[in-house]
1. If we keep just the residues of region 150-168 that are small (Gly, Ala, Ser) and closer than 29 Å to residue 75 by Cβ, which is most open to solvent (accessible area, probe 1.4 Å)?
2. Here is a list of conditions, (1) within 24 Å of residue 99 (Cβ to Cβ); (2) touching a Phe, Trp or Tyr at 6+ places or on another chain (Cβ under 6 Å); (3) open to solvent by 60 Å² or more (accessible area, probe 1.4 Å), and residue 228 meets all of them except one; can you say which number that is?
3. Check residue 69 against each of (1) in a strand (DSSP E or B); (2) at pLDDT below 90; (3) of a type outside the set (Ser, Thr, Tyr) and name the one condition it does not meet.
4. Spot the failing condition for residue 229; the list is (1) in contact with a Leu (Cβ under 8 Å, 6 or more places away or on another chain); (2) within 27 Å of residue 107 (Cβ to Cβ), and only one is missed.
5. Given the criteria of a type in the set (Val, Ile, Thr), open to solvent by 70 Å² or more (accessible area, probe 1.4 Å) and over 19 Å from residue 100 (Cβ atoms), does residue 234 qualify?
6. Need pairs with beta-carbon distance below 6 Å; first residue over 29 Å from residue 191 (Cβ atoms) and within region 222-251, second among the polar types (S, T, N, Q) and surrounded by 15 or more Cβ atoms within 10 Å (Cβ to Cβ); sequence gap 6+ or separate chains.
7. If you scan region 254-300, which residues turn out to be among the basic types (Lys, Arg) and farther than 30 Å from residue 310 by Cβ?
8. Does any residue of region 19-39 turn out to be at pLDDT 80 or above and among the hydrophobic types (A, V, I, L, M, F, W, C)?
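The values are calculated or read from the model by the stated rules, or taken from the named source; none is laboratory data. Because the structure is predicted, anything quoted here is derived from the model rather than measured. Methodologically, a virtual Cβ is constructed for each residue, glycine included, from the backbone with ideal geometry; neighbour enumeration extends over all protein chains shown. What goes into the accessible areas is simple: the full protein's heavy atoms, side chains included, and nothing from ligands, DNA or RNA. Shrake-Rupley method; radii C 1.70, N 1.55, O 1.52, S 1.80 Å.
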Amino acid sequence: MRWFIFRFLFIGILFSTGINFCFAQDGLVIDLNNTLKRDLKKENLDSGKLWKKGGVFNLNIGQGSQSNWSAGGDDFSFSINSYAGFFAFFKKDRYSWDNTIDLNYALVNTTSLGTRKNDDRIDILSKLGYELQSKLNLTGLFNFRSQFSKGYKYSGSSRELLSNFMSPGYFLISVGLDYKPTEGLSIFLSPITSRWTIVMNDSLSAKKLYGVDSAQHVKKSIGAFASITYVKKITPVISYNGRVDLFSNYEHNPQNVDVMMNNMFVAKFSKILSASLALDLIYDDDVKLFGPTHDSPGLQLKSVIAVGISIKL
């Protein structure tokens, strides 16, 4: 709807200019012209309320060093953990457009192990909705997930490449119903969803690690999809942000539902000081990296506890 507002303003300004040019001496027209300008100005001011935008940036740093320390350990260690989250929500009449971007990246460096990555995520979610009735929207949903850099599996002094940017990458497009029974809670359900799994790296594609055939770089799946998001301020200090996505592939083992769940608890101690706990769970039936022979799917679990600065954008 934003383009409609811009078009309305543009046409209105042209109309106002034409009136001034042709009827500059007509007092009645001048009054009408001034009224139109006031209406346009009011509309322009009101349009700013249609969008709710913001974000947060978290940065956590840890460092340790020792020399001739009898308890043992690495001589030096350093860790950095960052998170950036942005949102832009639009609402006018029956139309809504919700957009979120979540970015995570973290590194750990020690004397004995060198530098290793321990967090990496790109997640973009967009939902365009039309209100059918109170709290229920007909919604189109788009989601993209991937990572920034290479990920490895370490074994002693050797390492094996497991992932990279767009290897894998996930694109998901869905149409369904979005139910919002209370503030902060959204339940999206769709019986028809398309998901593309992309593995651009040739060596990873050849191993079929993410369900993409070795002769291909893209796999398309059709299935059912559900997404639940919940944002809650538990106390004046502690807040929670959670999301769970479920996908059932109609074409291959629909009973084995893919699960992605993100949980983040944040305790805000001051304007810039905060502590956070992140807990992520993933099960993807096509990610076959686990088990005794490393060729079976399995539950992936990651948790990060951090203390540092948090800046509201």
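1. We begin by selecting, within region 150-168, every residue small (Gly, Ala, Ser); these are 151, 155-158, 163, 167.
Add one more test, that the residue is closer than 29 Å to residue 75 by Cβ, and what stays is 151, 155-158.
Numbers: 151: 10, 155: 75, 156: 72, 157: 130, 158: 64 Å².
Only one residue tops the list, namely 157.
2. So residue 228 meets the others, but not (2).
3. Status for residue 69: all satisfied but (1).
4. Only one criterion is unmet by residue 229, namely (2).
5. Yes; evaluated as a whole, the condition is true for this residue.
6. The qualifying pairs are 233/239.
7. At the first step, the residues of region 254-300 found to be among the basic types (Lys, Arg) are 268, 271, 288.
Within region 254-300, just 288 meets the criteria.
8. For region 19-39, residues at pLDDT 80 or above and among the hydrophobic types (A, V, I, L, M, F, W, C): absent.
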